[in-house]
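All remarks here apply to the structure that follows.
The values are calculated or read from the model by the stated rules, or taken from the named source; none is laboratory data. Everything numeric in this text was worked out from a predicted model, so none of it was measured. Positions of Cβ are generated from backbone atoms using ideal geometry, with glycine treated the same way; all protein chains shown enter the neighbour counts. Side chains included, ligands, DNA and RNA excluded: accessible areas come from the protein's heavy atoms. Shrake-Rupley method; radii C 1.70, N 1.55, O 1.52, S 1.80 Å.
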Amino acid sequence: MQKKFFILLEEFSKRPTIEIGKSSKSIARLLSTGALVPKAVCIPPQTLRLIAKTNNLDIKVYKLTQETNFNSPSSINKTTSKLKKLILKQIIPNSLSKDFLKIYHDYLQSSFVMVQDLENIKGDTNVIDAILEIWAKSASETLKKFASKNTSSDKILYSTPILIKQQIDSKISGLAYTFDKKDGNKKRFTIEAIWGIINNNLKNATR
């Protein structure tokens with residue numbers, strides 16, 4: 001399957017954390033144990049960079065930061081509000097859009113997905129809107145965190161890869177071992193799972 005701008009679940013283990021994020025790495029670790037893991041797709045920083053370049057977003061964000069009084073909470077709030085609006089208005093390049101539509105319909109089977117912490121999203125247009133919403137939220141939080149004219153547009157816009165996960169009916173996905181994986185004690189068993197699928201952090205519990 002063509003995946004020029006996106007990273008599929010099967011590629012997660014080969015990519016560095018800075019490119020796919022900690023959540024995707026957690027899923028990759030679970031997948032490596034042989035567990036059945038819902039399909040997932042990561043939007044790396046370089047793909048967000050392509051969208052931004054198409055819309056001259058870097059320049060617009062730089063101007064915003066230069067016009068902001070970072071000693072004033074109200075000024076920072078106005079800037080983050082403008083930043084969100086800029087990102088939500090992004091035009092997706094045709095080549096990227098075609099790539100995403102193929103992945104959503106063929107790989108994710110046009111199903112309900114979770115985009116970062118936004119649940120129960122379905123439909124290609126809705127998923128794209130959710131991606132922009134998450135991007136806007138992440139960039140705004142980063143801007144507030146660093147709050148300085150010297151903060152680069154690069155750091156504000158591309159600090160967080162975006163994870164899309166297929167949602168399924170199961171409450172738990174993972175493996176149970178009839179021994180403690182740490183010390184081999186057969187009187188205890190170990191469970192490795194993504195609890196509730198919604199929370200993608202890899203859990204390791206011994207009973």
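Please give the solvent-accessible surface of residue 129 in Å², to the nearest 10, using a probe radius of 1.4 Å with every protein chain present.
It works out to around 80 Å².
Select from the range 1-85 those GluC sites (Glu not before Pro) which occupy a DSSP coil region and have at most 16 other Cβ atoms within 10 Å, ordered by residue number.
67
So what's the Cα pair-distance distribution over the range 1-76, bin width 10 Å, in %?
It works out to 16, 32, 23, 18, 9, 0, in whole percents.
What is the Å³ per residue value for the convex hull set by the Cα atoms of the range 20-62?
Taking only Cα atoms, the range 20-62 has a hull volume of 76 Å³ per residue.
Testing the spin-label approximation: label points 7 Å from Cα along Cα→Cβ at residue 35 and residue 49. State their distance in nm.
3.2 nm
If packing is taken as the average count of other Cβ atoms within 10 Å, what order do 86-95, 138-147 fall into, highest mean first?
Ranked by mean Cβ neighbours within 10 Å, highest first: 138-147, 86-95.
What area, in nm² and to one decimal, does the C-alpha convex hull of the range 24-159 cast on average over all directions?
8.9 nm²
Quick one: go through the range 44-79 and flag any residue whose amide nitrogen is under 17 Å from the point 7 Å out along the Cα-to-Cβ line of residue 18.
44-49
Return the FRET efficiency for the residue pair residue 109, residue 59: r is the Cβ-Cβ distance, R0 is 35 Å, and the value is rounded to the nearest 0.05.
It comes to 0.35.
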